[in-house]
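The values are calculated or read from the model by the stated rules, or taken from the named source; none is laboratory data. None of these values were measured; they are calculated from a predicted model. Every residue, glycine as well, gets a Cβ built from its backbone with ideal geometry; the counts of neighbours run over all protein chains shown. Ligands, DNA and RNA are excluded from the accessible area calculation, which covers all protein heavy atoms including side chains. Shrake-Rupley method; radii C 1.70, N 1.55, O 1.52, S 1.80 Å.
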Amino acid sequence: MGGRKRDTILVMPFPVHRLRRLRGSEILRNLVRETRLHPGQFILPLFVCPGEGVRREIGAMPGNYQLSVDELVKECAEVKSLGIGGVILFGLPESKDEMASGAYDDNGIVQRAIRALRKETPGLLIATDVCNCEYTSHGHCGFVKDGDVDNDTTLQWLARTAVSHARAGADIVAPSDMMDGRVWAIRKELDASGYEKTPILAYSAKFASVFYGPFREAAESAPQFGDRRSYQMDPANGREAMREIELDLQEGADMIMVKPAMPYLDLIRQARDRFDVPIAAYQVSGEYSMIVAAARNGWIDQERAMMESLTSIVRAGAAIVLTYFAKPAARLLG
Ligand code: PBG
């Protein structure tokens with residue numbers, strides 16, 4: 001028999017190789033599973049509002065609530081007991097104005113929430129979203145001049161907000177505004193104020209996405225005119241996303257984020273392959289609400305959709321997942 005033919009027979013994949021062998025039972029599947037989830041890699045977004053005893057369910061995000069500080073403390077005690085990696089706070093201020101003054105007020109809603117959590121749930125990681133859209137009367141992420149958000153004025157607000165969060169006790173500040181130079185502006189101001197140890201998680205590749213819809217009800221932050229396309233990214237642009245990440249890292253970001261997650265898994269993977277920093281992905285409100293809505297209609301199994309979506313995000317390369325499923329997923333992972 002000619003060598004060539006023999007080789008062909010020897011390397012013939014079937015019936016020697018049968019990939020189904022390792023799928024034959026749950027104990028085998030468990031042994032060879034490549035991607036594993038852990039509650040410690042989840043961050044739960046929470047919405048804090050004025051008042052006392054307030055626990056108002058968000059219509060478009062069933063299972064999520066606007067919480068007053070006292071209720072937030074209770075929620076966070078549970079989050080901590082589940083071993084979840086941390087929370088990220090969004091604030092609903094008492095009042096909004098053109099200057100987003102509630103964002104950088106040392107007595108603002110998020111600042112008060114951080115101080116309460118520091119005291120009541122020590123050891124729980126507290127990240128804060130640094131942005132202005134919840135605090136401006138027009139709902140845009142910065143100072144509006146001639147119908148557009150003015151980049152460099154907005155940087156000053158962001159830097160002040162980040163310092164004020166750090167002063168209140170935030171473990172991580174996470175700018176989500178998409179202004180150019182915000183990481184640099186925040187790093188500089190944090191360092192000048194004695195917070196050189198506070199890490200920055202930059203929402204680096206943040207797209208102008210329709211999937212933020214439900215969040216805007218939760219945070220009462222829908223823009224009153226126009227949209228966010230002059231500062232958030234065009235969903236079509238992957239190379240530009242890598243530039244955004246690279247620039248944020250040069251400006252001093254400690255970790256970067258891709259947002260939303262599932263429609264942008266390719267970019268999570270590219271970022272993982274290119275940059276040796278922790279990569280976060282945000283499974284945003286619309287991603288959550290679609291799954292919950294389909295499940296409520298009996299069209300999909302919520303638990304399995306939750307776990308499959310989270311697994312795909314981690315498999316793509318995210319080390320940290322911001323997700324509204326953090327509690328049920330952590331419970332399931334036991
Ligand atoms: C603030 C911010 C938004 C989200 C996170 N930070 C809203 C937006 O940019 O319009 C969206 C999160 C979600 O949809 O879950 N700029």
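Here is how the numbers come out for the structure above:
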quantity	calculated
Residue check for VAL210: within 26 Å of GLY238 (Cβ to Cβ) and among the β-branched types (Val, Ile, Thr)	yes
Count - residues of the range 78-87 that are surrounded by fewer than 23 Cβ atoms within 10 Å (Cβ to Cβ) and outside any loop (DSSP other than H, G, I, E, B)	4
Complete set of residues in the range 228-240 that are in a loop (DSSP other than H, G, I, E, B) and exposed (fewer than 12 other Cβ atoms within 10 Å of the Cβ)	ARG229, ASP234, ALA236
Matching residues, the range 307-334, being closer than 14 Å to GLY63 by Cα and not basic (Lys, Arg)	THR323, TYR324, PHE325, ALA326, PRO328, ALA329
Residue within the range 272-279 that is at pLDDT 95 or above, within 16 Å of the ligand (Cβ to nearest atom) and farther than 28 Å from PRO50 by Cβ present	no
Any hit, the range 163-170, residues being of a type in the set (Gly, Ala, Ser), without any contact (Cβ under 8 Å) to a residue 40 or more places away in the chain and surrounded by 21 or more Cβ atoms within 10 Å (Cβ to Cβ)	yes
Residues (buried (at least 17 other Cβ atoms within 10 Å of the Cβ) and either more than 19 Å from THR153 (Cβ to Cβ) or out of contact with any Pro (no Cβ under 9 Å at 6 or more places or on another chain) (or both)) located in the range 186-198	ARG187, GLU189, LEU190, TYR195, THR198
Residue in the range 94-105 that is small (Gly, Ala, Ser), out of contact with any Asp or Glu (no Cβ under 9 Å at 6 or more places or on another chain), outside any strand (DSSP E or B) and within 22 Å of LEU190 (Cα to Cα) present	yes
Residue among SER289, SER312, SER285 that is closer than 24 Å to GLU34 by Cβ, among the hydroxyl-bearing types (Ser, Thr, Tyr) and out of contact with any Ser or Thr (no Cβ under 6 Å at 6 or more places or on another chain)	SER312
Hits in the range 217-265 (condition: under 30 Å from GLY63 (Cα atoms), free of Cβ contacts under 8 Å to residues at least 40 places away in the same chain and within 18 Å of the chain's Cα centre (by Cα))	PRO235
Selected residue (criterion: nearest to the ligand (Cβ to nearest atom)) from residues of the range 241-252 that are open to solvent by 10 Å² or more (accessible area, probe 1.4 Å) and aliphatic (A, V, I, L, M)	LEU247
Boolean, ARG304 is open to solvent by 20 Å² or more (accessible area, probe 1.4 Å), of a type outside the set (Val, Ile, Thr) and farther than 24 Å from ILE58 by Cα	no
Counted residues, the range 22-77 - those being touching a strand residue (DSSP E or B) at 6+ places or on another chain (Cβ under 7 Å), over 21 Å from GLU134 (Cα atoms) and part of a helix (DSSP H, G or I)	3
Condition check for TYR264: more than 30 Å from SER137 (Cα to Cα) and crowded, with 18+ Cβ neighbours inside 10 Å	yes
Selected residue (only one of GLY298, GLY317 is within 21 Å of MET257 (Cα to Cα), among the small types (Gly, Ala, Ser) and either open to solvent by 60 Å² or more (accessible area, probe 1.4 Å) or in contact with a strand residue (DSSP E or B) (Cβ under 9 Å, 6 or more places away or on another chain) (or both))	GLY317
